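The values are calculated or read from the model by the stated rules, or taken from the named source; none is laboratory data. Since this is a predicted model, take the numbers as computed values, not measurements. Here the Cβ is made from the backbone with ideal geometry for all residues, glycine too, and neighbour counts use every protein chain on show. Keep in mind that these areas ignore ligands, DNA and RNA; they rest on the heavy atoms of the full protein, side chains included. Shrake-Rupley method; radii C 1.70, N 1.55, O 1.52, S 1.80 Å.
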Amino acid sequence: MHSHCSNLRIYFWIILLRKGFITAQLFSSRGFLNVTCDDMTLTPGRGSISTKTITLKMETRFTKGKSAILERPLTRPKTEVSVSAFALLFSEMVQYCQSRVYSVSELQARLAEMGQGVGVSLLDVLVLREKNGKRETKVLNILLFIKVSVWKSLFGKEADKLEQANDDDKTYYIIEKEPLVNLYISVPKDNSSLNCAAFTGGVVEAILTHSGFPAKVTVHWHKGTTLMIKFDEAVIARDKALEGR
Amino acid sequence: MSRQSNRTTDNKKMNSELFTLTYGALVTQLCKDYENDEEVNKQLDKMGYNIGVRLIEDFLARSSVGRCQDFRETADVIAKVAFKMYLGVTPSVTNWSPAGDEFSLVLESNPLVDFVELPDNHNVLIYSNLLCGVLRGALEMVQMAVDVRFAQDTLRGDNVTEIRMKFIKRIEENLPYHIRFF
């Protein structure tokens with residue numbers, strides 16, 4: 001087996017409840033498992049699941065031994081693509097999203113959703129590559145991880161600035177003067193609040209949430225583009241409790 | 001006009017991972033939005049076409065290639081200049097048809113499919129179909145109608161990725177009447 005298999009991390013991702021079926025999808029760093037439990041009944045109001053017979057149909061989607069993906073070295077590939085290719089692709093994405101929404105906030109939400117897909121995929125490989133499989137436990141460290149490692153692997157440079165709000169200990173800002181995703185985008189005057197870096201916001205939100213720091217990330221035009229990160233109360237409370245350790 | 005001269009030099013490159021993952025996010029979204037894979041393939045082709053139509057201008061500005069004399073030259077420019085410039089890979093041009101109107105681009109590695117495995121329930125999905133649209137759109141803008149399709153795909157267990165391109169016809173410039181004659 002491969003070395004990084006020892007660091008198998010599993011997330012409970014989606015739990016779908018249908019007529020008597022409970023399906024859970026487990027994501028891990030090696031693919032994902034579909035677990036289907038038949039004959040499970042939910043006991044309403046108690047929040048517990050009573051089970052008569054549980055048949056676990058494990059439809060493994062673990063990649064098979066022949067998969068080339070698992071044989072690849074963890075080091076960052078040297079391949080490069082042109083920024084224009086990315087800009088054109090991103091532009092198509094924005095147009096596609098725009099064709100299916102009615103408002104700017106919906107458009108940004110859709111872009112953020114796509115960004116989350118990128119963040120989730122990126123987190124695993126970055127933690128293994130940069131952190132040797134160790135997770136971060138402190139708010140400041142995870143923010144620095146995003147500012148430095150995540151930004152470098154995505155955009156080839158560190159984020160311009162990381163700041164904390166003066167009056168609020170759960171709000172942080174990542175400020176990027178000219179984000180790569182906005183490089184070739186000119187926003188029409190009539191919806192100037194649109195910032196396509198919502199996509200980057202989605203990436204950051206997914207990375208924070210899946211590292212155990214649930215947060216909401218919003219994007220604003222301020223000193224270029226500012227990603228505003230608002231952590232859950234619980235995250236900050238936990239961080240305070242960990243202080244000095 | 002004076003800006004044209006420095007445009008070739010600022011052909012910026014970026015790490016391919018963001019590109020790959022972004023494309024992945026797009027395909028995932030399409031799979032969620034459309035009911036079947038055929039529709040997704042169509043949508044990818046359409047988006048690719050839109051990209052191609054815009055990309056050709058960028059390509060002609062950056063690469064100082066002139067007009068191609070024949071389809072063979074076109075094939076070489078696509079493989080050695082265009083793919084290299086935008087995706088950082090150089091496919092090989094092979095399998096010419098005897099008539100010289102059809103060839104294959106064989107990619108050893110396809111930057112769009114890094115980290116990708118197709119789930120069993122998506123066996124109709126042509127994951128990289130965007131590329132077909134791009135080639136079709138770009139060539140259409142230089143008066144060439146081509147048919148582009150995937151013949152082999154590493155995602156479906158083939159050893160290489162093969163894009164088959166067939167020349168259909170030259171598109172006659174259909175200029176408006178007053179430009180044609182005056």
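Of the residues A:K147, A:K152, which is buried (at least 16 other Cβ atoms within 10 Å of the Cβ), free of Cβ contacts under 8 Å to residues at least 60 places away in the same chain and within 14 Å of chain B (Cβ to nearest Cβ)?
Selected residue: A:K152, the only one of A:K147, A:K152 that is buried (at least 16 other Cβ atoms within 10 Å of the Cβ), free of Cβ contacts under 8 Å to residues at least 60 places away in the same chain and within 14 Å of chain B (Cβ to nearest Cβ).
Go over the candidates A:G119, A:G133 one by one and state the one that is in a helix (DSSP H, G or I) and either within 11 Å of another protein chain (Cβ to nearest Cβ) or within 26 Å of A:P77 (Cβ to Cβ) (or both).
Numbers: A:G133 fails: in a helix (DSSP H, G or I).
Going through A:G119, A:G133 in turn, just one is in a helix (DSSP H, G or I) and either within 11 Å of another protein chain (Cβ to nearest Cβ) or within 26 Å of A:P77 (Cβ to Cβ) (or both): A:G119.
Please indicate, with yes or no, whether at least one residue in segment A:183-192 is surrounded by 13 or more Cβ atoms within 10 Å (Cβ to Cβ), within 21 Å of A:Q95 (Cα to Cα) and polar (S, T, N, Q).
no
With the structure loaded, tell me whether B:R72 is assigned to a helix (DSSP H, G or I), among the basic types (K, R) and crowded, with 18+ Cβ neighbours inside 10 Å or whether it fails that test.
When the stated conditions are applied, B:R72 does not pass them.
Output yes when any residue across segment B:75-82 is part of a helix (DSSP H, G or I), at pLDDT 95 or above and in contact with a strand residue (DSSP E or B) (Cβ under 6 Å, 6 or more places away or on another chain), and no when none is.
Looking through segment B:75-82, at least one residue is part of a helix (DSSP H, G or I), at pLDDT 95 or above and in contact with a strand residue (DSSP E or B) (Cβ under 6 Å, 6 or more places away or on another chain).
Would you mind stating whether A:V101 is touching a Cys at 6+ places or on another chain (Cβ under 8 Å), open to solvent by less than 60 Å² (accessible area, probe 1.4 Å) and within 13 Å of another protein chain (Cβ to nearest Cβ)? Talk me through it step by step, then tell me what you get.
Details: touching a Cys at 6+ places or on another chain (Cβ under 8 Å): no; open to solvent by less than 60 Å² (accessible area, probe 1.4 Å): yes; within 13 Å of another protein chain (Cβ to nearest Cβ): yes.
It is false that A:V101 is touching a Cys at 6+ places or on another chain (Cβ under 8 Å), open to solvent by less than 60 Å² (accessible area, probe 1.4 Å) and within 13 Å of another protein chain (Cβ to nearest Cβ).
Of everything in segment A:228-245, what is part of a strand (DSSP E or B) and either farther than 26 Å from A:V203 by Cβ or out of contact with any Pro (no Cβ under 9 Å at 6 or more places or on another chain) (or both)? Give them in sequence order.
Once the filter is applied, which keeps residues that are part of a strand (DSSP E or B) and either farther than 26 Å from A:V203 by Cβ or out of contact with any Pro (no Cβ under 9 Å at 6 or more places or on another chain) (or both), segment A:228-245 yields A:M228, A:I229, A:K230.
Would you check which residues across segment A:136-159 are part of a loop (DSSP other than H, G, I, E, B), within 18 Å of A:T226 (Cβ to Cβ) and not basic (K, R) and list them? Spell out the reasoning first.
We begin by selecting, within segment A:136-159, every residue part of a loop (DSSP other than H, G, I, E, B); these are A:136-138, A:156-159.
Going one step further and asking which of them are within 18 Å of A:T226 (Cβ to Cβ), we end up with A:157-159.
Once the filter is applied, which keeps residues that are part of a loop (DSSP other than H, G, I, E, B), within 18 Å of A:T226 (Cβ to Cβ) and not basic (K, R), segment A:136-159 yields A:E158, A:A159.
If I go through segment A:174-231 residue by residue, how many of them are within 14 Å of another protein chain (Cβ to nearest Cβ), hydroxyl-bearing (S, T, Y) and farther than 18 Å from A:S121 by Cα?
Looking only at that region, the number is 1.
Being of a type in the set (V, I, T), modelled with pLDDT of 95 or more and part of a helix (DSSP H, G or I) narrows it down to one of A:V204, A:V217, so name that one.
On the way: A:V217 fails: part of a helix (DSSP H, G or I).
Only one candidate passes the filter, namely A:V204.
Any residue at all in segment A:160-176 that is in contact with a Gly (Cβ under 8 Å, 6 or more places away or on another chain), buried (at least 18 other Cβ atoms within 10 Å of the Cβ) and outside any strand (DSSP E or B)?
Scanning segment A:160-176 turns up no residue that is in contact with a Gly (Cβ under 8 Å, 6 or more places away or on another chain), buried (at least 18 other Cβ atoms within 10 Å of the Cβ) and outside any strand (DSSP E or B).
Looking only at segment B:45-60, filter to residues that are more than 26 Å from A:M114 (Cα to Cα) and open to solvent by 40 Å² or more (accessible area, probe 1.4 Å); which one of those is farthest from the other protein chains (Cβ to nearest Cβ)?
Of the residues in segment B:45-60, the ones more than 26 Å from A:M114 (Cα to Cα) are B:56-60.
Subset that is open to solvent by 40 Å² or more (accessible area, probe 1.4 Å): B:57, B:60.
Details: B:E57: 10, B:L60: 13 Å.
Ranking the qualifying residues of segment B:45-60, first place goes to B:L60.
Residue-by-condition table, conditions (1) without any contact (Cβ under 8 Å) to a residue 12 or more places away in the chain; (2) out of contact with any helix residue (DSSP H, G or I) (no Cβ under 8 Å at 6 or more places or on another chain); (3) of a type outside the set (D, E, K, R):
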position	(1), (2), (3)
B:V53	no, no, yes
B:F59	no, no, yes
B:V65	no, no, yes
B:K80	yes, yes, no
B:F83	no, yes, yes
B:S92	no, no, yes
B:E117	no, no, no
B:L125	no, no, yes
B:L135	no, no, yes
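Output the number of residues of segment B:30-44 satisfying the condition of being within 12 Å of chain A (Cβ to nearest Cβ) and open to solvent by 10 Å² or more (accessible area, probe 1.4 Å).
Here the count works out to 5.
Could you say which residue among A:L89, A:L111, A:L70 is more than 8 Å from every other protein chain (Cβ to nearest Cβ), surrounded by 15 or more Cβ atoms within 10 Å (Cβ to Cβ) and at pLDDT 90 or above?
Answer to the selection: A:L111.
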